[in-house]
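Engineer: Input: one structure, supplied below.
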Amino acid sequence: MADFSLELNEDQLQIQKWIHDFAENVVRPAAHEWDEKEEFPWPIVEEAAEIGLYSMDFMANALLADPTGLTLPVALEELFWGDAGIGLSIFGSGLAAAGIAGNGTPEQLMEWVPQCYGTPEKIALGAFCVSEPDAGSDVSSLRTKAVYDEAKDEWVINGTKAWITNGGIADVHVVVASVDPELKSRGQASFIVPPGTPGLSQGLKYKKHGIRASHTAEVVLDDVRVPGSCLLGGKEKLDEKLARAHEAKKSAAAGSSGKQPAMATFEATRPAVAAMAVGIARAAYEYALDYAKERRAFGKPIIEHQGIAFMLSDMITEIDASRLLVWRAAWLSRNGTFKNAEGSQCKLKAGRTAVWVTERAIQILGGYGYVREYPVERWHRDAKIYDIFEGTEQIQQLVIARAISGLRIE
Ligand SMILES: Cc1cc2nc3c(=O)[nH]c(=O)nc-3n(C[C@H](O)[C@H](O)[C@H](O)COP(=O)(O)OP(=O)(O)OC[C@H]3O[C@@H](n4cnc5c(N)ncnc54)[C@H](O)[C@@H]3O)c2cc1C
């Protein structure tokens, strides 16, 4: 168990600098181009793979070799300071990896996580597929079904997934499906769909408001057959979980048995996602601060007008408060347990901060903040997604409300 400290250790400082340099020299200069193109930034992800940033080893070291839990949020804040669309293209596979790590056996983890990254010579991608056209926040309503074909020891998956980062272009798709619809979220399981499996295809590719370099698309599953070994956690564990859930349902305590596969993943990844939002907010704040020192109005730099200086004071205060919540949640997730949904608290705060700070940055730049020649409007567009994915603002509030009240608030 590590003590909570705000002082980063030598390794963390090195990683922070290494990623900051990459963000400053490679990611940020490319950000406008890929935002305009709205295409997956393969050359930048390749560069990230060449330096070892896009790799399973980096993720494993950042997560496993770090008792403080702070390395990953520190890394993500720097990368997303560079650009969120490219940042998500580099870290999107991490969500699939987290889905495998959270629900799979150690053997499944060793087999499939490396395949979410590939090698610098041949990059691979992972996608974590939960959301559906009619089931986003309400994960218990998933319609995608997985049916076991005992004779062949295969699962047959049918359904449509919506809004999937890397959907259809990924090599490994981790799909959450219902195996026992009567049990709602307790009757769900996660499956690996290996590269090249027939029946999986990309549907609509979305044209988005922000993070436009990141690929987001529907994933269509049409009689997709995967071997029994692709059920994460294995059949025995699933059967036990379903039996317990049926028992609990009979005794009217359905809420108390087993963890939901999608929720388990999101709990673990929320501090990391919140750190991305902190990175965007910091980028906008720093840019606005520099601008305010240069831009003159009424005979002096605009920062010398209290109205602008106070805005910047509030911006840094909100960013620092968000980062503290992120670091607390990241530390707790390695060294304790969440009591008051601290993961959701940090995601809620950081998402709101990113949206608010980037909007204030536009205000400080005036007309220049509103045009695409300057990065601030892009940061504002990018920030909004942090109020939406990995649980909307309202879903974070719901999770916190349930944690502090112990009640099933709807
Ligand atoms: C760019 C992008 C990338 C994404 N990547 C992925 C991915 O890789 N994998 C994946 O599985 N999903 C992904 N998503 C999906 C994302 O997680 C969902 O969009 C999100 O969970 C919200 O679901 P929804 O869009 O269906 O909104 P809805 O659930 O329909 O919500 C609509 C509104 O109702 C509110 N609401 C819903 N329920 C309640 C309630 N009980 N109380 C109060 N308010 C409520 C919501 O907060 C929201 O404001 C992505 C989405 C986007 C836009």
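The numbers here are math on the coordinates, done by the rules we state, and not lab data. All values derive from a computational prediction rather than experimental measurement. Here Cβ is always computed from backbone atoms with ideal geometry, including for glycine, and neighbour counts include all displayed protein chains.
Engineer: First measure r as the distance between the Cβ atoms of residue 404 and residue 151, then evaluate 1/(1 + (r/R0)^6) with R0 = 41 Å and state the FRET efficiency to the nearest 0.05.
Structural biologist: Details: r = 50 Å, r/R0 = 1.21.
Once the sixth-power term is evaluated, E becomes 0.25.
Engineer: What's the ranking of 334-345, 378-389, 175-186, 93-104 by average number of surrounding C-beta atoms within 10 Å, highest first?
Structural biologist: Most protected by this proxy first, the peptides run 93-104, 378-389, 175-186, 334-345.
Engineer: Still on this structure, I have one more. What value does the chain have for Rg/Rh, both radii from Cα atoms and Rh as Kirkwood defines it?
Structural biologist: Ratio of gyration radius to Kirkwood radius: 0.99.
Engineer: Another question about this same structure. How large are Rg and Dmax for the stretch 287-410 when calculated on the C-alpha trace, in angstrom?
Structural biologist: Answer for the stretch 287-410, Rg first and Dmax second: 17.7, 58 Å.
Engineer: Give the aspartates and glutamates whose C-alpha is closer than 14 Å to that of residue 339, dropping any in the same chain fewer than 8 places away, or say none.
Structural biologist: 267
Engineer: Using the Cα centre as the reference, give the magnitude of the dipole from point charges on the C-beta atoms of the chain (Lys, Arg: +1; Asp, Glu: -1; all else neutral), rounded to the nearest 20 debye.
Structural biologist: On the way: 42 positive and 56 negative charges, 266 e Å.
For the chain, the charge dipole is close to 1280 debye.
Engineer: Do the alpha carbons of any pairs in 208/347; 205/237; 207/349; 145/384 sit beyond 24 Å of each other, and which pairs? Display every interim value, and only then the final one.
Structural biologist: On the way: 208/347 21 Å; 205/237 36 Å; 207/349 27 Å; 145/384 31 Å.
Long pairs (Cα-Cα over 24 Å): 205/237; 207/349; 145/384.
Engineer: Pop a pseudo-label 7 angstrom from the Cα along the beta-carbon direction at both residue 300 and residue 250 and give the gap in nm to one decimal.
Structural biologist: 7.8 nm
Engineer: Percent relative contact order of the chain, based on C-alpha pairs within less than 8 angstrom and at least six residues apart? Please list the in-between numbers first.
Structural biologist: On the way: 765 pairs, mean separation 66.7, N = 410.
Normalised by residue count, the contact order of the chain is 16 percent.
Engineer: If you don't mind, another one. Which distance in nm do the two modelled labels at residue 119 and residue 320 give, with both placed 7 Å along the Cα-to-Cβ direction?
Structural biologist: Roughly 4.8 nm, to one decimal.
Engineer: Another question about this same structure. From largest to smallest, what semi-axes in whole angstrom does the stretch 1-154 give when each is the square root of 5 times an eigenvalue of its alpha carbon gyration tensor?
Structural biologist: Those come to 30, 21, 16 Å.
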